[in-house]
There are 2 protein chains.
Amino acid sequence: MVEREPNDPDLDAIFGALAHPTRRALIEQLAGGPASVGDLAEPHDVSLAAVSKHLQVLGDAGLIEVEKDGRVRRCHLDAAPLSDAFGWLTRYRVLWEDRFDALADHLENEEQ
Amino acid sequence: MVEREPNDPDLDAIFGALAHPTRRALIEQLAGGPASVGDLAEPHDVSLAAVSKHLQVLGDAGLIEVEKDGRVRRCHLDAAPLSDAFGWLTRYRVLWEDRFDALADHLENEEQ
């Protein structure tokens, strides 16, 4: 059991939410602006119930908020958890940048 | 079923691998340099078998390579999948940067 501070991002839930192509596609759709569950489901070759389940996972990770507008459920993207995931990965950025630098040096030496 | 090109990163496996605190801690340990499975397991309050399972998940996502050195299994971090995850998140960077800009503007207006 990992103790988390109240304001700590839930990276397990965030990375877990990103670990499915349909959920990443839903984020891409919502990056264009809020959308109803029906509109979000349309391009996907899965049931409305399956899309709702994916939206639930995104909601649990804090990635979307659902607002009821009469009979329509409208989803909004909240980018803060994406920023948290990005922040975690940034700590290791030096590792792949070093790798690319080493590759660039290698190619430069080959040219000489 | 999502079709992937041979060189496409397996973002499902990569994000899935990052969705556990022990696996993120193992990445942090390996960022300091290669280590044996025994050394990696030491700070974790779980069995060697459980650590091996986590290392298997990291390996399946391409995040580590395991090299046999006699009886010792030595793990190396491969940062390329972290770079792939970072690349995917970068596409949405404008969303949280806009949010921070809006917050900064708001605070600036409050001060005036």
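The values are calculated or read from the model by the stated rules, or taken from the named source; none is laboratory data. All values derive from a computational prediction rather than experimental measurement. Every residue, glycine as well, gets a Cβ built from its backbone with ideal geometry; the counts of neighbours run over all protein chains shown.
Which of (1) away from chain A (no Cβ under 13 Å); (2) in a loop (DSSP other than H, G, I, E, B) does residue B:106 not meet, given it meets every other one?
Here residue B:106 meets the rest and fails (2).
Note down all Cβ pairs under 6 Å where the first residue falls in region B:11-31 and is within 7 Å of another protein chain (Cβ to nearest Cβ) and of a type outside the set (D, E, K, R), the second is in a helix (DSSP H, G or I) and crowded, with 22+ Cβ neighbours inside 10 Å, and they're at least six residues apart or on different chains.
That search, which allows pairs on different chains as well, returns B:15/A:15; B:15/A:18; B:18/A:15; B:19/A:15.
Quick check, is residue A:54 at pLDDT 95 or above, under 20 Å from residue A:16 (Cβ atoms) and not in a loop (DSSP other than H, G, I, E, B)?
When the stated conditions are applied, residue A:54 passes them.
For region B:57-112, how many residues meet the condition of being surrounded by fewer than 17 Cβ atoms within 10 Å (Cβ to Cβ), polar (S, T, N, Q) and within 27 Å of residue B:29 (Cα to Cα)?
Of the residues in region B:57-112, 1 are surrounded by fewer than 17 Cβ atoms within 10 Å (Cβ to Cβ), polar (S, T, N, Q) and within 27 Å of residue B:29 (Cα to Cα).
If you scan region B:59-92, which residues turn out to be part of a helix (DSSP H, G or I) and away from every other protein chain (no Cβ under 13 Å)?
Within region B:59-92, just B:59 meets the criteria.
Answer yes if at least one residue in region B:68-76 is closer than 17 Å to residue A:85 by Cβ, touching a residue at least 24 places away in the same chain (Cβ under 8 Å) and not hydroxyl-bearing (Ser, Thr, Tyr), and no otherwise.
Within region B:68-76, none of the residues are closer than 17 Å to residue A:85 by Cβ, touching a residue at least 24 places away in the same chain (Cβ under 8 Å) and not hydroxyl-bearing (Ser, Thr, Tyr).
Only one of (1) modelled with pLDDT under 95; (2) in contact with a Leu (Cβ under 7 Å, 6 or more places away or on another chain) is not met by residue A:68, so which one is it?
(2)
Tally time: how many residues in region A:1-29 are surrounded by 13 or more Cβ atoms within 10 Å (Cβ to Cβ) and modelled with pLDDT under 95?
Looking only at that region, the number is 1.
Select from region A:51-65 the residues that are on the phi < 0 side of the Ramachandran plot and in contact (Cβ under 8 Å) with a residue 24 or more places away in the chain and list them in ascending order.
Within region A:51-65, A:51, A:54, A:55, A:57, A:58, A:60, A:61, A:63, A:64 meet the criteria.
Of the residues that sit in region A:30-48 and are farther than 21 Å from residue B:92 by Cα and charged (D, E, K, R), which one is surrounded by the most Cβ atoms within 10 Å (Cβ to Cβ)?
A:42
Within region A:96-103, is there a residue that is touching a helix residue (DSSP H, G or I) at 6+ places or on another chain (Cβ under 6 Å) and either assigned to a helix (DSSP H, G or I) or within 21 Å of residue A:9 (Cα to Cα) (or both)?
Yes.
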